[in-house]
1. Which of (1) at pLDDT 95 or above; (2) more than 21 Å from A:LYS29 (Cα to Cα); (3) not charged (D, E, K, R) is the odd one out, the single condition B:TYR129 does not satisfy?
2. Residue under question is B:PRO15, and the condition is that it be surrounded by 18 or more Cβ atoms within 10 Å (Cβ to Cβ), in contact with a Pro (Cβ under 7 Å, 6 or more places away or on another chain) and in a loop (DSSP other than H, G, I, E, B); does it hold?
3. Kindly indicate whether any position in the range B:66-80 is closer than 20 Å to B:LEU179 by Cα, in a helix (DSSP H, G or I) and either of a type in the set (Asp, Glu) or more than 11 Å from chain A (Cβ to nearest Cβ) (or both).
4. Could you tell me whether B:VAL63 is away from every other protein chain (no Cβ under 14 Å), free of Cβ contacts under 8 Å to residues at least 40 places away in the same chain and not charged (D, E, K, R)?
5. Any residue at all in the range B:73-81 that's under 26 Å from A:GLY22 (Cβ atoms), touching a helix residue (DSSP H, G or I) at 6+ places or on another chain (Cβ under 9 Å) and buried (at least 24 other Cβ atoms within 10 Å of the Cβ)?
6. (1) at negative phi; (2) in contact with a helix residue (DSSP H, G or I) (Cβ under 7 Å, 6 or more places away or on another chain): which one isn't true of A:THR62, the others all being true?
7. Among the aliphatic types (A, V, I, L, M), touching a Pro at 6+ places or on another chain (Cβ under 8 Å) and crowded, with 22+ Cβ neighbours inside 10 Å, is that true of A:ILE83?
8. Please specify each residue of the range B:52-65 satisfying the condition of being over 25 Å from B:PRO102 (Cβ atoms) and part of a strand (DSSP E or B).
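The values are calculated or read from the model by the stated rules, or taken from the named source; none is laboratory data. In this text, all values refer to a predicted model and were calculated from it rather than measured experimentally. Please note: Cβ atoms are built from the backbone with ideal geometry, for glycine as well, and neighbour counts cover all protein chains shown.
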Amino acid sequence: MLTDKEKKEIFEEVKQYPSPKGACIDALKVVQEHRGWVSDESVKDIAGILEMSNEEVDSVATFYPRIYRKPVGRNVILLCDGISCMIMGYESIYEHISKQLGISFGETTEDGRYTLLPISCLGDCDHAPSMMINNDHYNNLTIENVVELLDDYK
Amino acid sequence: MERPLTEHIKPGAPPLTFEEYRKAGGYEGVRKALKEMSPTEVTNLIKDAKLLGRGGAGFPTGVKWSLVPMEPDRSKPKYLVCNADEMEPGTFKDRYLLEGNPHQLIAGMIVAAYAIQADKAYIFLRWAYKKAEKALRKALAEAYEAGYLGENILGSGFNLDLNIHVSAGRYICGEETALLNSLEGKRAIPRTKPPFPAASGLFGRPTVVNNVETLSWASHIVSHGAAWFKSLSLTETGGTKIFGVSGRVKNPGLWELPMGTTVREILEEHAGGMTEGYRFRGALPGGASTDFLVEQHLDIQMDFATVAAAGSRMGTGTMIILDDKTCPVAFLKNIERFFALESCGWCTPCREGLPWVEKILTAIEEGRGRMEHLDTLKSQTKYLAPGHTFCAHAPGAAEPLQSGLKYFHDDFVQHIHDKKCPWK
């Protein structure tokens, strides 16, 4: 069941579009903002509100990488593996984070604190290598500074 | 030298407020267009100025606007969409403009919307650009407050509602028809053209999609005229251009320079040359989907026509530099993996061809390559070429590959011959 707050936020998005369907991506983002990810149940709930089939909503949800259809950790680390970051050595940063946290790309730590995901290009190419943790960008990463940065996210 | 797009951007300082930007003359073009010009006059002015699309394709902006039907009876609603979904690997110019001067974009969008008589506009913004989103939302609120957005703008009778849509990822959203599907809440799959968006775009209505840098020009051109705009450039195409460099150079970054500045000047004077201990081997001049330029091309001018004559594309104008300590096969594998992952899967050559290319490049890099792989890769660049696929995604992926195979042939052969990567 969607909360009243979620419903209200979704209806607010619907106003932007000529038909409710237009707000599908926004609705998925609203739910994810509140719950961290989008469950099967939430897909059905959104479909109900936007007058879409469950399958239609799911086809949209699974198309976009920033909609998570599986639970993620409290903090999501998006490490750029794009070309500029590759030239500037993201691979050693990855190995370092991976070793420190004991997870590979696509995995979540056992305590649910971090999920590590690859991302291609964050638009920080002049300060590569770069990553995002939740909504924050970090640039000019080195194996010395990266673990300290992670520490701030509990 | 004039730098109209970036003169008000001060690194580290917040962007100008509405009032500050208006006082600096930034909204003058809006006032002039709405008060003194007809919509068609605005479009003709942009046509005369030869403003070519800064998203990468270089299509004449005024021509795009002129394709929108202007008969009053079939005109409502019409849409203007700003493509701010910058996701081309190695490209970061629009972020700079969005974060640095959001009012410049809003002013440009009002002018553009007036020219095509759109009553609704969207900024399709990349999800990762959090700082830009914050700056834009603040600027939008100020523009509404000042009566430059909303109903009856400046008493002209023209109405414009401007919204931000924050994307949920996916490179293909940068393709204009895929972007429209995404804005409609659907999977971002490109649409068949024709009909072109100008006839049938967002929600089936006439729509213009323009890039951030392109729209940022509109108000300036109305204020200062087509001749002024042309005078900023060293080549036929008008204006300045935001050029950028990333990779192993001393001073990676962005600079607003005259259109037609040479690759060498950008690389050596502005980016400071290669980092100590690294040698230049090649550059993708305008993002990952452009053909390599090499040493022999350093003196060409950065403009759509001149870079095309050298066998590449200016694209977004943000260069990625390949140095001698980076393996060209690994470089290409990284790019092709990106394109394979980001293929929307709609058409077969792209969906099947790109993973195949990635697989072969991986094999070569890991020392499992065979000489016939090079022929397969070459033939793939043909299957992925324009005319064989639904949109420009796969042809874009083929560009660095075909030129990489040509310019770095010896490196490929060495991998195959030595059965290992010489850089490892």
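1. With (1) at pLDDT 95 or above; (2) more than 21 Å from A:LYS29 (Cα to Cα); (3) not charged (D, E, K, R) applied to B:TYR129, the lone miss is (2).
2. On the way: surrounded by 18 or more Cβ atoms within 10 Å (Cβ to Cβ): yes; in contact with a Pro (Cβ under 7 Å, 6 or more places away or on another chain): yes; in a loop (DSSP other than H, G, I, E, B): yes.
Yes; evaluated as a whole, the condition is true for this residue.
3. Step one: of the range B:66-80, the residues closer than 20 Å to B:LEU179 by Cα are B:67-68, B:77-80.
Retained after the next criterion (residues that are in a helix (DSSP H, G or I)): none.
Checked the range B:66-80: no residue is closer than 20 Å to B:LEU179 by Cα, in a helix (DSSP H, G or I) and either of a type in the set (Asp, Glu) or more than 11 Å from chain A (Cβ to nearest Cβ) (or both).
4. Numbers: away from every other protein chain (no Cβ under 14 Å): yes; free of Cβ contacts under 8 Å to residues at least 40 places away in the same chain: yes; not charged (D, E, K, R): yes.
So B:VAL63 fits the description; yes.
5. Yes.
6. Status for A:THR62: all satisfied but (2).
7. Numbers: among the aliphatic types (A, V, I, L, M): yes; touching a Pro at 6+ places or on another chain (Cβ under 8 Å): yes; crowded, with 22+ Cβ neighbours inside 10 Å: yes.
Yes, satisfied.
8. Taking the range B:52-65 as the starting set, the residues that turn out to be over 25 Å from B:PRO102 (Cβ atoms) are B:60, B:63.
Listed by number, the list holds a single entry, B:PRO60.
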